[in-house]
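Enquirer: What follows is a structure written as structure tokens; I'll ask about it next.
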Amino acid sequence: MNGFARERAAKAALAAALRERSADVAPGVWRILDTRSAVLPEHRQGWRIVIDHLGRGSGAKRALLDMRRLLAAPRRVRLGDPEAGMPAAQMPVRVLMTKDGGLVGFDRADSTVTHLRRTALPPEYRERRLALGEVYSAVEWHLDDDGRRLTEARVPGRPAQLWAPADRIALLRTLLVISTSRLTADAAAQPLLTEARAALEGLSGQARWEEAGRAADLVGEVPWVLAHGDLTPENVLGHGPEDWVPIDFEDARPAPFFYDALSLAVRDDAMRAALSGGELEEEWCDLLSAAGVDPAILTPVIAMDIVAVIAADHHRREHGGDFGYTLASLT
């Protein structure tokens, strides 16, 4: 399939998704900017967004991509009056298409994020998110009864991956302290690699995973807590380590006590270096002491490898994709 055909097919899929959820977005003539985004130009920021999507950079490749975006149909889709009970001011006037064919929409004031899913969130999502709201700062949110429309207040600020290195390290320090405070005498104990053990053994040719497996055997059972499950620097938004909110709670589930904190560090060079270089040794030792684990056995490097294995195995089982590729992207 050539480039234009791919553009046409992807835009047609986005147009179909818009029509399918027309009751949940603002009515009017939507302009499909590219294969992943669409906008209602009548709103005050619409044309600026259209212009921003075109003409970025320079050179023949950039010009070709912009030409494909402009010429590949469909470029517009007309939507009628909505039927949903969502307040008009919160209705999306700009949307992004997700990998599974759902939509993420933003309202006129850019103050509300609306997730329009193709499949319902799991039944435990609501309970787990409420529980995690007691642990982390939370925004106002509402999930419809059918589990397919989630609305949230838009979080001001930037993803943590764009913060200065010192601020990212300070965020990790905060998460280590939060993780320590969560450990109570009645926390359920399980082996470190309960679900990911088979995947780890399949990586026996890599010395680092063998070391992680040996450490898991020596440590034995450790406290497990309800974790965000995907607390990467991309899923933390805010202005800095004193003002941030996590987003994307779809993978919330029980996990080892250090999982959320170290999920931040697995793909972040500054945080990894701070942990492995001893800059956060006091916080790490406090956390392991509260969990009853010997820090000489479970070092930060081994713990990060364990997080990578668990995350990759979960991604493979729950979201599909190749395990080896996922693991490589996390380490």
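Enquirer: Kindly indicate which of Arg56, Arg19, Arg108 is at pLDDT 90 or above, part of a loop (DSSP other than H, G, I, E, B) and open to solvent by 20 Å² or more (accessible area, probe 1.4 Å).
Expert: From the options Arg56, Arg19, Arg108, the qualifying one is Arg108.
Enquirer: Kindly indicate the residue of region 69-105 that is closer than 29 Å to His319 by Cβ and assigned to a helix (DSSP H, G or I) and also modelled with the highest pLDDT among those meeting that condition.
Expert: Filtering first and then ranking leaves Gln90.
Enquirer: Could you list all residues from region 253-311 that are within 18 Å of Thr331 (Cα to Cα) and part of a loop (DSSP other than H, G, I, E, B)?
Expert: Phe258, Arg267, Asp268, Gly277, Leu298, Thr299, listed by residue number.
Enquirer: Has region 200-208 got any residue that is surrounded by fewer than 13 Cβ atoms within 10 Å (Cβ to Cβ) and of a type in the set (Asp, Glu)?
Expert: Yes, the conditions are met somewhere in region 200-208.
Table: residues versus (1) within 13 Å of Met97 (Cα to Cα); (2) modelled with pLDDT under 90; (3) open to solvent by less than 50 Å² (accessible area, probe 1.4 Å).
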{"position": "Arg6", "(1), (2), (3)": "no, yes, no"}
{"position": "Ala26", "(1), (2), (3)": "no, no, yes"}
{"position": "Val29", "(1), (2), (3)": "no, no, yes"}
{"position": "Glu42", "(1), (2), (3)": "no, yes, no"}
{"position": "Val50", "(1), (2), (3)": "no, yes, yes"}
{"position": "Arg62", "(1), (2), (3)": "no, yes, no"}
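Enquirer: Does region 128-149 contain any residue that is surrounded by fewer than 19 Cβ atoms within 10 Å (Cβ to Cβ), part of a loop (DSSP other than H, G, I, E, B) and at positive phi?
Expert: Taking every residue of region 128-149 in turn, at least one turns out to be surrounded by fewer than 19 Cβ atoms within 10 Å (Cβ to Cβ), part of a loop (DSSP other than H, G, I, E, B) and at positive phi.
Enquirer: Kindly provide the set of residues from region 266-291 that are of a type outside the set (A, V, I, L, M, F, W, C) and surrounded by 15 or more Cβ atoms within 10 Å (Cβ to Cβ), ordered by number.
Expert: Arg267, Asp268, Arg272, Glu279, Glu283, Asp286
Enquirer: I'm trying to understand the selection: among the residues of region 305-322, which are more than 18 Å from the chain's Cα centre (by Cα) and of a type outside the set (Asp, Glu)?
Expert: The answer is Ile306, and nothing else.
Enquirer: Taking Leu280 as the residue in question, decide whether it is touching a Lys or Arg at 6+ places or on another chain (Cβ under 9 Å), closer than 22 Å to Leu171 by Cα and in contact (Cβ under 8 Å) with a residue 40 or more places away in the chain.
Expert: Yes, satisfied.
Enquirer: Would you be able to say whether some residue in region 312-325 is closer than 18 Å to Arg272 by Cβ, open to solvent by 10 Å² or more (accessible area, probe 1.4 Å) and of a type outside the set (Ser, Thr, Tyr)?
Expert: no
Enquirer: Collect the residues in region 180-213 that are within 20 Å of Thr299 (Cβ to Cβ) and touching a residue at least 24 places away in the same chain (Cβ under 8 Å), keeping them in residue-number order.
Expert: Within region 180-213, Thr180, Leu183, Pro191, Leu192, Leu193, Ala196, Leu200, Leu203, Arg208, Trp209, Glu211, Ala212 qualify.
Enquirer: Residue by residue through region 152-179, note down the ones that are within 30 Å of Gln90 (Cα to Cα), open to solvent by 70 Å² or more (accessible area, probe 1.4 Å), in contact (Cβ under 8 Å) with a residue 24 or more places away in the chain and not charged (D, E, K, R).
Expert: Across region 152-179, the qualifying residues are Pro156, Gln161.
Each row is one residue, and each column tells you yes or no for (1) more than 20 Å from the chain's Cα centre (by Cα); (2) of a type in the set (Lys, Arg).
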| residue | (1), (2) |
| --- | --- |
| Ala160 | no, no |
| Ala166 | yes, no |
| Arg173 | yes, yes |
| Val177 | yes, no |
| Ser181 | yes, no |
| Glu201 | yes, no |
| Arg208 | yes, yes |
| Leu218 | yes, no |
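The values are calculated or read from the model by the stated rules, or taken from the named source; none is laboratory data. Nothing here was measured: the structure is a model prediction, and the numbers come from that model. With ideal geometry, Cβ positions are generated from the backbone for all residues, glycine too; neighbour counts draw on all protein chains shown. These accessible areas exclude ligands, DNA and RNA; they are computed on the full protein's heavy atoms, side chains included. Shrake-Rupley method; radii C 1.70, N 1.55, O 1.52, S 1.80 Å.
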